[in-house]
1. Do we find that Tyr61 is under 16 Å from the mean Cα position of the chain (by Cα) and among the aromatic types (Phe, Trp, Tyr) in this structure?
2. Assuming Lys67 fulfils every condition listed in (1) under 22 Å from Ser134 (Cβ atoms); (2) in a helix (DSSP H, G or I) apart from one, which condition is it?
3. Can you find a residue in segment 147-158 that is over 13 Å from the mean Cα position of the chain (by Cα), modelled with pLDDT under 95 and of a type in the set (Lys, Arg)?
4. Which residue is modelled with the lowest pLDDT, if the candidates are limited to segment 98-145 and must be in a helix (DSSP H, G or I) and small (Gly, Ala, Ser)?
5. Among the residues of segment 43-89, which ones are under 26 Å from Leu25 (Cβ atoms), out of contact with any helix residue (DSSP H, G or I) (no Cβ under 7 Å at 6 or more places or on another chain) and of a type in the set (D, E, K, R)?
6. Has segment 87-106 got any residue that is acidic (Asp, Glu), buried (at least 20 other Cβ atoms within 10 Å of the Cβ) and more than 25 Å from Pro152 (Cα to Cα)?
7. Count, please, the residues in segment 6-63 that happen to be among the aromatic types (Phe, Trp, Tyr), surrounded by fewer than 12 Cβ atoms within 10 Å (Cβ to Cβ) and part of a loop (DSSP other than H, G, I, E, B).
8. Could you please give the count of residues in segment 18-47 that are at pLDDT below 90 and of a type in the set (A, V, I, L, M, F, W, C)?
Amino acid sequence: MFSRVLVPLDGSKVGEAALPVIEQLVDKLAPEGKVEITLIGVITLLRHWVVVGEASAPVSYTEEELKIIRERVMDYLTKSGESLKSKGVTVKTIVSTGNAAEEILRAADQIKADLIAMSTHGRSGLRRLAFGSSTDKVLRGSHIPVLMVRAPEGTTNE
């Protein structure tokens with residue numbers, strides 16, 4: 001059924017809402033074989049703001065700063081996958097840079113995923129239009145099934 005699953009994570013509790021669902025479904029995803037879960041973290045901000053007095057300017061991260069950010073994201077993904085690994089699931093990690101939705105779709109193609117499982121903030125209507133939604137863009141751009149898991153009420157992005 002689903003032997004290769006891509007799970008995007010953004011470092012927030014909302015973003016992690018899909019993990020417990022995947023853990024519960026592991027035995028059902030590919031009952032005849034092993035399941036491989038790939039966790040992806042996408043670095044979307046390639047610059048930061050420097051503020052001096054009342055002036056501010058965007059400054060690109062140096063290669064050294066990007067390296068540190070990539071290492072932190074990789075550590076986070078590795079820790080996030082520990083519970084799945086303890087269940088005997090093969091867990092891989094990808095750290096990518098760019099537009100979140102585009103990188104998720106690209107990774108799904110690269111690993112030949114047959115399912116993308118991701119969390120949604122559960123916004124609707126004007127709030128969804130105003131903020132945009134990587135989940136919505138992935139859902140519309142994917143040629144494979146996308147399992148959207150709504151974050152529990154009261155879950156924050158922290």
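The values are calculated or read from the model by the stated rules, or taken from the named source; none is laboratory data. Quick caveat, the model's predicted, so the values are computed rather than measured. Reconstructed Cβ throughout: ideal geometry from the backbone, glycine too, with neighbour counts over all protein chains shown.
1. no
2. (1)
3. yes
4. Ala130
5. If the condition is that a residue be under 26 Å from Leu25 (Cβ atoms), out of contact with any helix residue (DSSP H, G or I) (no Cβ under 7 Å at 6 or more places or on another chain) and of a type in the set (D, E, K, R), then Asp75, Lys79, Glu82, Lys85 are the ones that fit.
6. Yes, that holds for at least one residue.
7. Number of matching residues: 0.
8. Residues meeting the conditions: 7.
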